[in-house]
Amino acid sequence: MSDNCVFCRIAAGELPTTLVHESRHTVAFRDLHPQAPTHVLVIPKAHHTDVAALAAADPAAAGEVLVTAAAVAQAEGLAADGFRLIFNTGRYAGQEVFHVHAHVLGGAPLGPMLSR
Ligand code: DGP
């Protein structure tokens, strides 16, 4: 656990959140500021700054985040019409929370991948 990391504190149950799914190594919860009708964040419980750091340090955990994201999409009813997974990574991507998280977005047409 990293001191002052909001997602570590959510994973530890120290901050209130709307949990969607929990496994031994992952937690999924609803985004505080949803950008789509369904917007869930999936994190590993262990602290890694971003998806590149996670993949380098623990490829199995990276895979588990993807498996959890797909299970969440299925459970939230997004699988049939489709959904988007986003890992904002670093400054140019606008990453705000430096504990790796997958955004699972869906529930309506999501538009173009990037706004220009
Ligand atoms: P990113 O830009 O990829 O780092 O997105 C961070 C997301 O995390 C953003 O959509 C808002 C969400 N978020 C930030 N703090 C909290 C929190 O305390 N609880 C929840 N549920 N979501 C949060």
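Just how far, in whole angstrom, is the range 94-110 from the range 29-61 if you go by their alpha carbon centroids?
Using only Cα atoms, the two centres lie 8 Å from each other.
In debye, nearest 20, what is the charge dipole magnitude of the range 13-87 about its Cα centre with +1 on Lys and Arg Cβ and -1 on Asp and Glu Cβ, if you could check?
Dipole size: approximately 20 debye.
Find the relative contact order for the chain and round it to a whole percent, using C-alpha pairs within less than 8 Å whose residues are 6+ positions apart.
Worked out over the chain, it gives 29 percent.
Which chymotrypsin sites (Phe, Trp or Tyr not before Pro) in the range 82-116 sit in a loop by DSSP (not H, G, I, E or B) and have at most 13 other Cβ atoms within 10 Å of their own Cβ?
92
Over the Cα atoms of the chain, Rg to Rh with Kirkwood Rh, two decimal places?
Here Rg/Rh amounts to 0.94.
Which value in nm describes the separation of the simple spin-label points at residue 75 and residue 108, placed 7 Å from the Cα toward the beta carbon?
2.4
For the chain, build the charge dipole from Cβ charges (+1 Lys, Arg; -1 Asp, Glu) around the Cα centre, then report which of 52, 109, 75 sits farthest towards its positive end.
Of the listed residues, the answer is 109.
Run the quick spin-label model on residue 66 and residue 92: label points 7 Å from Cα toward the beta carbon, then report their separation in nm to one decimal.
2.2
Would you kindly state how much longer the chain becomes between residue 57 and residue 14 on full extension, computed as 0.36 nm times their sequence separation minus their alpha carbon distance, in nm to one decimal?
12.9 nm
Can you give the Rg/Rh ratio of the range 52-116, where Rg is from the C-alpha atoms and Rh is the Kirkwood radius?
1.00
Sorted by mean Cβ packing within 10 Å, highest first, what order do the peptides 37-49, 20-32 take?
Listed from highest to lowest mean packing, they are 37-49, 20-32.
Mind grabbing the base-10 log of I(q)/I(0) for the range 1-56 at q = 0.20, 0.23 Å⁻¹? Debye formula, identical points on the C-alpha positions, no solvent, two decimal places.
The computed values of log10 I(q)/I(0) come out as -0.76, -0.96.
Specify which residue in the list 33, 1, 11 is farthest towards the positive end of the charge dipole of the chain, using unit charges on the beta carbon of Lys, Arg (+1) and Asp, Glu (-1), about the Cα centre.
33
Values quoted throughout were computed directly from the atomic coordinates according to the rules given, and no laboratory measurement underlies them. Just so it is clear, the structure is predicted and the values come from calculations on it, not from any experiment. No Cβ is skipped: glycine too gets one built from the backbone with ideal geometry, and neighbour counts run over all protein chains shown.
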